[in-house]
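To start, the structure under review is shown below, and the notes come after it.
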Protein chains: 2
Amino acid sequence: MDVRQLRYFIAIVEQGSFSRAATVLRIAQPALSLHVRNMEAHLGAPLLFRSPKGAVPTEAGEILLRNARIIVEQLAITEEEIRSNESDPRGLVRLGLPGTISEILSVPLITAARQRYPGIQLRIAEAMSGFVLEWMRDARIDLAVIYRKVSGDGLSTEELLEEELAFFGPAGGLNDGETLPAPGTRVSLAGVAGLPLIVPGEDHGLRLLLDHHAEVAGVDMNVAIEVDSYTNIKKLVAAGFGCSVLPLHSISGEVAEGALQSWTIDGPPIRRPVHLACSVERPMTNAVAAIRDFIPELVRDLAREGAWGGVSEPAADCEKG
Amino acid sequence: MDVRQLRYFIAIVEQGSFSRAATVLRIAQPALSLHVRNMEAHLGAPLLFRSPKGAVPTEAGEILLRNARIIVEQLAITEEEIRSNESDPRGLVRLGLPGTISEILSVPLITAARQRYPGIQLRIAEAMSGFVLEWMRDARIDLAVIYRKVSGDGLSTEELLEEELAFFGPAGGLNDGETLPAPGTRVSLAGVAGLPLIVPGEDHGLRLLLDHHAEVAGVDMNVAIEVDSYTNIKKLVAAGFGCSVLPLHSISGEVAEGALQSWTIDGPPIRRPVHLACSVERPMTNAVAAIRDFIPELVRDLAREGAWGGVSEPAADCEKG
DNA sequence: GGTTAATATCGCGTATTGTTATGTCGGGTG
DNA sequence: CACCCGACATAACAATACGCGATATTAACC
């Protein structure tokens, strides 16, 4: 049996007549005769009692009618459910962020997402870029913001922007008396590499980036302290134990407060891309897809407002489907 | 959406692959591609996540799958329900019978019907033929056994048999001393009309029949007592207050017990047809139809066994559908 | 880099579905 | 009582959908 036949049957019973149902259904009356006849043949029982005044359901017809209504209704509900799920996604979205990104993105994202997608529950996990990527591979999170482009391995990334890293030091000068560059001047990598540096450990993306730039520039870095936390790096720098390199936006607060001072690095700027990663091998819930599409928008807005120190809005290259 | 598409979709998900589902469904794989694509276009959402390893449902697909299973199941249940209802009718069947018929038919009918159609509940109402017909018109009963042929008025009748009426009197002779015919002899209507008669009132089918026969034979009936109950007629006759005319079978018990004696009426036999009436304008439940078809069979069997004094098995003429 | 195994696309034949025209049957009406 | 009308049934034909086979495309695997 076919739902179309069920619909037709319901219409006939509701109209009490083949011909009236035909006009309502905008088809010709013989089509209904045929359909009912086929159904009756299929079920081996008369469904409608025809009379010159119209048609009324037989006992079998009553049974069919009762069930047909349920089935047709169920179908409509199903379509509605799917459609509403498309237009108004709901469910949990787990997002992994590195600390510096979280610091600037978490609050705007949560507030904006809650407003735009009330049905979506965001769970943000904060960790270093490497861990975030690992979680992503383990499917412990649905989306990740990381500092590298990843392709293959079931992941796909979309570049959000490129952050420019800034060299910064304590506003009050270094504890060991070494002189810092004059405020507002441009500094060269070679000129500051000799200052005591507070940087993350060697398996960190930022450290690798700095090492790479130092190598290209042919200078040795004077690594004074290795700390695996952006907050602690900033605190140690503010306390005068050395200088460091971090995204501009993550130190702008302390700079404004007068705890830190920063210099623009001369020569090739040290930049790192910020990517949004999503799984390409698992089907994504609509909630995840909504957030995935929402984050780049939000980041663009933040960058435009100047809230994000980064630059360069790249073209999207994340396969979305 | 179409149930066929739902079935196909379920098969694809269960098989985890378009092509495997195609072989299971015994259709070509491109057909499945098309169907899924149509469904996705219709719903405005991807349903399956295709990969070189097969296909898994997306979020929308999961919703659809869950509902599709229910719908397909519901359809199967519906068909099953209708079919089982056809093969094993159940429900209430209200049957109206005149007293003399009930006396012979009720017990065999109830026992036989209960065995053959365990799902059917028989409710037998007993009343004089005229009342039974009235109930039938008021749709207070589904089937009626009556003594006349009825056509039109939304009713249709099937003749079950023709009862032959017998003249009978008290075995011990009449109270007033009038002489009864010799046992075993044939009597003429004219010869017995003068005896005191105990008959039903004038609006009774049996009384009308007797009046008609008396008129045709040109004799006057000596109506001694009018009683509207077959049982009471028999009791009064047995008590010697007069003679009467009733169907042979309804007095055979008392004749055998020696309470009554009966004579065959010479000349044109007094007969009345027994009809089974059913509504032709209301659709009949299968239970009613089953009993309607069952009663003639049973009556035939009873007549064959001799349990029914009637004769003449007519051809069925009741429209059955 | 070729092979394999999966889905997507295309063109065509056929079966299903719907339409128009006509038939049949009952009931109501002059 | 004949007539007409309204309702369902039937038949021949047209449009659409469906399924098939061949082939393209893609990603994974060796």
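Beyond 21 Å, how much of the Cα-Cα pair distribution for region A:3-87 remains, as a whole percent? Roughly 31 percent, once rounded to a whole number. When shorter helices are ignored and each DSSP H run of at least 4 residues is given -39500 (n - 2.57), the per-residue value for the protein assembly as shown at 222 nm works out to -15000 deg cm²/dmol. In the protein assembly as shown, taking the dipole from charged Cβ atoms about the Cα centre, the farthest positive-side position among A:Ala31, A:Gly184, A:Gly99 is held by A:Ala31. Other protein chain C-beta atoms within 10 Å of residue C-beta, averaged over A:38-44: 2. Contact residues in region B:52-75 by the 40 Å² criterion (accessible area, 1.4 Å probe, full protein complex versus chain alone): B:Glu59, B:Ile63, B:Asn67, B:Ile71, B:Gln74, B:Leu75. Ordering of A:155-165, B:52-62 by packing is A:155-165, B:52-62, highest average first (other Cβ atoms within 10 Å, averaged per residue). Using a 7 Å projection from Cα along Cα-to-Cβ, the label point at A:Arg140 is separated from the same position in the remaining copies by 8.0 nm, smallest value first.
Seen from B:Pro118, the other residues with C-beta closer than 9 Å to its C-beta sum to a net charge of +2, counting Lys and Arg as +1 and Asp and Glu as -1. Note on B:275-284: average number of Cβ atoms from other chains within 10 Å of each residue's Cβ is 3. In plain terms, the chain from A:Glu305 to A:Arg140 could stretch by 56.2 nm, reckoned as 0.36 nm per residue minus the Cα-Cα distance.
No solvent, one uniform scatterer per C-alpha: report log10 I(q)/I(0) for the protein assembly as shown via the Debye equation at q = 0.06, 0.11, 0.12 1/Å, two decimals. Results for the protein assembly as shown at q = 0.06, 0.11, 0.12 Å⁻¹ read -0.61, -1.05, -1.15.
Largest GNM mean-square fluctuation across B:Ala277, B:Ala68, B:Ala41, computed for chain B with C-alpha springs under 10 Å, falls on B:Ala41. With distances taken between every two different alpha-carbon atoms, chain B has a Kirkwood hydrodynamic radius of 24.3 Å. For region B:247-302 and region B:202-217, what is the separation of their Cα centres, given in Å? Cα centroid of region B:247-302 versus Cα centroid of region B:202-217: 19 Å apart. Note down the net charge around B:Gly205, summing +1 for each Lys or Arg and -1 for each Asp or Glu among other residues with Cβ under 9 Å from its Cβ. Overall, the nearby charge balance is +2.
Using a probe of 1.4 angstrom, how much of the accessible area of region B:163-270 is carbon and sulfur, in percent? The value for region B:163-270 is 53 percent carbon and sulfur by accessible area. Per residue, region B:163-270 exposes an accessible area of 45 Å² to a 1.4 Å probe, with every protein chain left in place. Positive end of the dipole of region A:163-271, charges at C-beta (+1 Lys, Arg; -1 Asp, Glu), about the Cα centre: which of A:Ser252, A:Ser229, A:Phe241 has its Cα farthest in that direction? Highest projection toward the positive end goes to A:Ser252.
Take B:247-255, B:265-273 and order them by the average number of nearby Cβ atoms within 10 Å per residue, most first; the result is B:247-255, B:265-273.
Put a dot 7 Å past the Cα of A:Arg66, heading toward its Cβ, do the same for A:Arg116, and the two dots end up 5.0 nm apart.
If I build a Gaussian network model for chain B, linking alpha-carbon pairs within less than 10 angstrom, which residue out of B:Arg292, B:Arg140, B:Arg37 has the largest mean-square fluctuation? It is B:Arg37. If you wrap region B:129-220 in the convex hull of its Cα atoms and look at it from every side, the mean projected area works out to 8.1 nm². When you work out D = kT/(6 pi eta Rh) for region B:163-270 at 4 °C and 1.567 mPa s, using the Kirkwood radius from C-alpha pairs as Rh and the Stokes-Einstein form, the result is 96 µm²/s.
Ranked by the mean number of other Cβ atoms within 10 Å per residue, highest first, peptides A:180-188, A:106-114 order as A:106-114, A:180-188. Comparing each chain alone with all protein chains together (probe 1.4 Å, DNA, RNA and ligands left out), the residues of region B:76-113 losing at least 30 Å² of accessible area are B:Thr78, B:Glu79, B:Glu81, B:Ile82, B:Arg83, B:Asn85, B:Glu86. Taking all protein chains into account, the per residue accessible area for region A:40-144 stands at 48 Å² (1.4 Å probe). Association of chains B and A removes close to 3300 square angstrom of accessible area from solvent, both sides included, for a probe radius of 1.4 Å.
Counting charges near A:Met128 (Lys, Arg +1; Asp, Glu -1) among other residues having Cβ under 14 Å from its Cβ returns a value of -4.
The values are calculated or read from the model by the stated rules, or taken from the named source; none is laboratory data. None of the values given here were measured: they were computed from a predicted structure. In this analysis, Cβ positions are derived from the backbone assuming ideal geometry, glycine residues included, and neighbour counts consider all displayed protein chains. The accessibility values were calculated without ligands, DNA or RNA, using every heavy atom of the protein model including side chains. Shrake-Rupley method; radii C 1.70, N 1.55, O 1.52, S 1.80 Å.
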